[in-house]
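The values are calculated or read from the model by the stated rules, or taken from the named source; none is laboratory data. Small disclaimer: the values here were computed from a predicted structure and weren't measured. Don't worry about glycine lacking a Cβ; one is built from the backbone with ideal geometry, like all the others, and counts go over all protein chains shown.
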Amino acid sequence: MTEDIDSIPTHLTTVVEARAITPGVRRLTLAGGLERYRSAGPDSFVYVLLPPPGRRELTIGTDFTWTACFAMPEEERPVGAYYTVRHHRPDEGS
């Protein structure tokens, strides 16, 4: 199981826009760091990691693994949510 989750591709990117579509739905625009991202089709999704509460920066680096994430103290561990990929515009970097 550990090998499975550590083989999931990860991309360090930036949220450049967050817009509330409805009270329970947000649309994010991500940019940068997505050169290796490949869509898996019309039902593609991403898991977006955000800094833990009270922090402005992520506490992970480019050597990120899920195993290391799960081993982090809770106050340092990023929080996250799944998002459906609506558009992938590699020519625009987002």
* To do: May I ask you to verify whether Leu12 is in contact (Cβ under 8 Å) with a residue 12 or more places away in the chain, surrounded by 12 or more Cβ atoms within 10 Å (Cβ to Cβ), assigned to a loop (DSSP other than H, G, I, E, B) and touching a Gly at 6+ places or on another chain (Cβ under 8 Å)?
  => yes
Exactly one of Pro90, Pro52, Pro73 is at pLDDT 85 or above and surrounded by 10 or more Cβ atoms within 10 Å (Cβ to Cβ), and that one is Pro52
Of (1) in contact with a Lys or Arg (Cβ under 7 Å, 6 or more places away or on another chain); (2) surrounded by 12 or more Cβ atoms within 10 Å (Cβ to Cβ), Arg19 satisfies every one except (2)
Considering residues that are closer than 15 Å to Leu12 by Cβ and not in a loop (DSSP other than H, G, I, E, B), the number found within segment 35-94 is 9
Checked Ala18, Ala71 against criteria (of a type in the set (A, V, I, L, M) and more than 17 Å from His88 (Cα to Cα)); the one match is Ala71
Within segment 22-34, of all residues that are under 13 Å from the mean Cα position of the chain (by Cα) and part of a loop (DSSP other than H, G, I, E, B), the one surrounded by the most Cβ atoms within 10 Å (Cβ to Cβ) is Leu34
